[in-house]
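Asker: After the structure tokens below, expect a handful of questions from me.
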């Protein structure tokens, strides 16, 4: 029995060495096999002894087989002893061989979800998988920026799962002849679901030569390697659809089994599943599409990568900047074009904010397939990422200066390093202070390289809601060269205090007007487990509102991400003696300058809107013209392909005629061989009939002889039964005569005398026993007397009189006992 399914062998004769020679097999796919091994589902083999008459079964013993020890290579058979066997002295065993065989036959996947039975845990040991539920789920943790898979206390690593759609070919083969593209819309895109999040690629229009840019969608998963592999083994294949409007033109399945393999070491290199996958049309369209040759099948290049997120280095720049769009509750999915840049992008739930999720490449690049792998080289050139944000978004600059750390309550000194991250600013990478500082009890130290500024774009309401809901968590770590890093505690910086602080006006480097809010405070560092204060952190937070975001400020080059531009910050130190202000530094001049700048800005915005409307109208006309041109080009290409298919069909017909001739000749040869085989079969059948007739006659003769033997045995049996009856009657007669003889003997005097003799004999035996006991007592007393003589020699002369008196008494007692014994014996005699 295995997983609720029972198989049995054919019955064989119950002898000392029965030969079963039977193969029992179960069919299952690799996912089920992996799940059964994780759940340790046993194979139980029971042996029964069956009565051939009453059909009663008796359990002889059983064997429990471990599925994890079975390999695909052939193994030598070995003996397995029967457990709880009724034949305890013989120690029975079964010779078994187990093997996994790869079945190459195509099979449809089962519609039902597989769920293995939960095996009982082993005594004395437990693994991580024993503590997991039957079904693992990915739970989104918005404030931390990852999906949680498995229990939080067992998961300490962060992994990144990435899906890259790199290229596509021959997509026009998925268009049925009855479908009108003008009725469905001209935009095509790829769609798939990643951990419950719907992902769509950038739309493209040309099916003949798709020029869309490779895109990568990534999710961060907090789990452990073993739990994550178990979770991936439970997941179905990744389905990628080519869509036009609300219709799916074709789809393909990308198996994730390679990512969940036990042999994959994510510490050394990422696990990757990549290749060109064939797009299959939906079932409703399969009958409408012609048979496509292998070289013309539509394909899509996909790469799925699982890697362990690297721990960020402590040698990080002092100031980090990146343009991003702030969100309140971002889903933790980053999307970017290949190759991936150091910019973290988020999917916005708000409808009025466009996501900066595409890095534009020049069309026509063929290196997208190779660029899907992590860290692989790509021949696609990358232009600057573009961010499209609403006109009401503001340019903010948030800076945090961690001043000092003090009031340590621990008894031992620590090497303190501070770390924090706030995804709303556009980067999930943590910010750390470097190098570590030595902190002892009752002292306060300044933190080096602890100033960091973030430039980002967000709506004012989003900024306020985020600062009110989510505090900034600063972690204090102890770094020791001889051991792993240890988390000392966490400090919560409430950014809501920054919103309620006083606002001051300032002018930026380009003369733009902004508002600044600053908040300075000391917050406790609380230990995570004990909830006790272990230190105090002093910080200064500043938020600068630089006004509306200009269109020219949103372009960020790749070099600017690696080397952030320097920012001009107003100094908080006291300035030198103030000189008389210049004419251009007066408040009236600055107000007039601001007014002129505002007018120019409004004019630029108005011109920009007009140009945008004009370009949108021109683009719509151009797209309509290109759309019709593409339709005509697709029809012409289909006609050319139909001509090629017609030529192939004619060639196939000529090949079929040749094959028909060959089949006719082969049929004649087959008929001749059938006649010969039929004649040979008739001859063999006649021989078998003759042999069967002779065998039947021989059997009839043997049956007659056996019947005669049975008749003679029945007669002998009757004669023996008569003799037994006569012997029993004679025995009963003799029994009665013997009883009468015993009664006569009981009334005679000789019998009474014999009874008296027996009684006297018993008395004699009793007296002899007592005489023997007395003799033994005499010997015992003699031994005691010898011991007393030896003891007398040891005493001094002063004790001689006492010893002689004692000896006289003992001797008199012995004589008295002897006399008593003699008198007793005489009396008995």
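Asker: For residue 189, only one of the following conditions fails: (1) modelled with pLDDT under 85; (2) surrounded by fewer than 19 Cβ atoms within 10 Å (Cβ to Cβ). What is its number?
Answerer: (1)
Asker: Could you check how many residues of the range 60-73 are surrounded by 10 or more Cβ atoms within 10 Å (Cβ to Cβ) and assigned to a loop (DSSP other than H, G, I, E, B)? If you could, list the steps in order and put the result at the bottom.
Answerer: Within the range 60-73, the subset surrounded by 10 or more Cβ atoms within 10 Å (Cβ to Cβ) is 60-68, 70-71.
If we keep only those that are assigned to a loop (DSSP other than H, G, I, E, B) as well, we get 66, 70-71.
Matching residues across the range 60-73 total 3.
Asker: OK, next. State which residue is farthest from residue 424 (Cα to Cα) when the search covers only the range 472-499 and only residues that are modelled with pLDDT of 90 or more and part of a loop (DSSP other than H, G, I, E, B).
Answerer: 494
Asker: Restrict the check to the range 496-516 and report whether at least one residue is in contact (Cβ under 8 Å) with a residue 24 or more places away in the chain, loosely packed, with under 12 Cβ neighbours inside 10 Å and more than 25 Å from residue 414 (Cβ to Cβ). Break it down into steps so the answer makes sense when it comes.
Answerer: Filtering the range 496-516 down to residues in contact (Cβ under 8 Å) with a residue 24 or more places away in the chain leaves 496-499, 506-509, 511-516.
Retained after the next criterion (residues that are loosely packed, with under 12 Cβ neighbours inside 10 Å): 509, 511.
Next, only the ones that are more than 25 Å from residue 414 (Cβ to Cβ) stay: 509, 511.
Within the range 496-516, one or more residues are in contact (Cβ under 8 Å) with a residue 24 or more places away in the chain, loosely packed, with under 12 Cβ neighbours inside 10 Å and more than 25 Å from residue 414 (Cβ to Cβ).
Asker: Out of all the residues in the range 205-237, which are without any contact (Cβ under 8 Å) to a residue 60 or more places away in the chain and either surrounded by fewer than 18 Cβ atoms within 10 Å (Cβ to Cβ) or within 15 Å of the chain's Cα centre (by Cα) (or both)?
Answerer: Taking the range 205-237 as the starting set, the residues that turn out to be without any contact (Cβ under 8 Å) to a residue 60 or more places away in the chain are 210, 212, 229, 235-237.
If the condition is that a residue be without any contact (Cβ under 8 Å) to a residue 60 or more places away in the chain and either surrounded by fewer than 18 Cβ atoms within 10 Å (Cβ to Cβ) or within 15 Å of the chain's Cα centre (by Cα) (or both), then 229, 235, 236, 237 are the ones that fit.
Asker: What do you reckon, is residue 631 in contact (Cβ under 8 Å) with a residue 24 or more places away in the chain and out of contact with any strand residue (DSSP E or B) (no Cβ under 9 Å at 6 or more places or on another chain)?
Answerer: Numbers: in contact (Cβ under 8 Å) with a residue 24 or more places away in the chain: yes; out of contact with any strand residue (DSSP E or B) (no Cβ under 9 Å at 6 or more places or on another chain): yes.
Yes; evaluated as a whole, the condition is true for this residue.
Asker: Somewhere in the range 26-43, is a residue in a strand (DSSP E or B) and at pLDDT 85 or above?
Answerer: Yes - at least one qualifying residue is present in the range 26-43.
Asker: Please name all residue pairs, on different chains or six or more residues apart, with Cβ atoms under 6 Å, provided the first residue is in the range 83-101 and is without any contact (Cβ under 8 Å) to a residue 12 or more places away in the chain and the second residue is surrounded by 12 or more Cβ atoms within 10 Å (Cβ to Cβ) and outside any loop (DSSP other than H, G, I, E, B).
Answerer: Note: no pairs meet the criteria.
Asker: The conditions are (1) at pLDDT 50 or above; (2) closer than 30 Å to residue 431 by Cα; (3) buried (at least 20 other Cβ atoms within 10 Å of the Cβ), and residue 240 fails exactly one of them. Which is it?
Answerer: Looking at each condition in turn, residue 240 falls short on (2).
Asker: Which ones in the range 454-465 are crowded, with 20+ Cβ neighbours inside 10 Å and in contact with a helix residue (DSSP H, G or I) (Cβ under 7 Å, 6 or more places away or on another chain)?
Answerer: Within the range 454-465, 454, 456 meet the criteria.
Asker: Can you confirm whether residue 522 is in a strand (DSSP E or B) and out of contact with any helix residue (DSSP H, G or I) (no Cβ under 9 Å at 6 or more places or on another chain)? Don't jump to the end; show me each part of the working.
Answerer: Numbers: in a strand (DSSP E or B): yes; out of contact with any helix residue (DSSP H, G or I) (no Cβ under 9 Å at 6 or more places or on another chain): yes.
Yes: the conditions hold for residue 522.
Asker: Name the residue, out of 646, 594, that is in contact with a strand residue (DSSP E or B) (Cβ under 8 Å, 6 or more places away or on another chain) and surrounded by 10 or more Cβ atoms within 10 Å (Cβ to Cβ).
Answerer: Details: 646 fails: in contact with a strand residue (DSSP E or B) (Cβ under 8 Å, 6 or more places away or on another chain).
Testing whether each residue is in contact with a strand residue (DSSP E or B) (Cβ under 8 Å, 6 or more places away or on another chain) and surrounded by 10 or more Cβ atoms within 10 Å (Cβ to Cβ) leaves just 594.
Asker: What tally of residues in the range 14-42 results from selecting those that are within 19 Å of residue 77 (Cα to Cα) and in contact with a helix residue (DSSP H, G or I) (Cβ under 6 Å, 6 or more places away or on another chain)?
Answerer: Total satisfying the criteria: 0.
Asker: Now for a different question. Restrict the check to the range 10-21 and report whether at least one residue is part of a loop (DSSP other than H, G, I, E, B) and under 38 Å from the mean Cα position of the chain (by Cα). I'd like the intermediate steps shown before the answer.
Answerer: Within the range 10-21, the subset part of a loop (DSSP other than H, G, I, E, B) is 10-21.
Now drop any that are not under 38 Å from the mean Cα position of the chain (by Cα), which leaves 21.
Yes: the range 10-21 contains one or more residues that are part of a loop (DSSP other than H, G, I, E, B) and under 38 Å from the mean Cα position of the chain (by Cα).
Asker: I would also like to ask the following. Out of the residues in the range 427-447 that are in a strand (DSSP E or B) and over 18 Å from residue 479 (Cβ atoms), which is modelled with the highest pLDDT? Reasoning before the result, please.
Answerer: To start, the set of residues in the range 427-447 that are in a strand (DSSP E or B) comprises 431-432, 437-439, 441, 444-446.
From the residues that got through so far, the ones that are over 18 Å from residue 479 (Cβ atoms) too are 441, 444.
Details: 441: 84, 444: 87.
So, considering only residues that are in a strand (DSSP E or B) and over 18 Å from residue 479 (Cβ atoms), the one modelled with the highest pLDDT is 444.
The values are calculated or read from the model by the stated rules, or taken from the named source; none is laboratory data. Being a predicted model, the structure only gives us computed values, none of them experimental. Neighbour counts run over all protein chains shown; Cβ positions are idealised from the backbone, glycine included.
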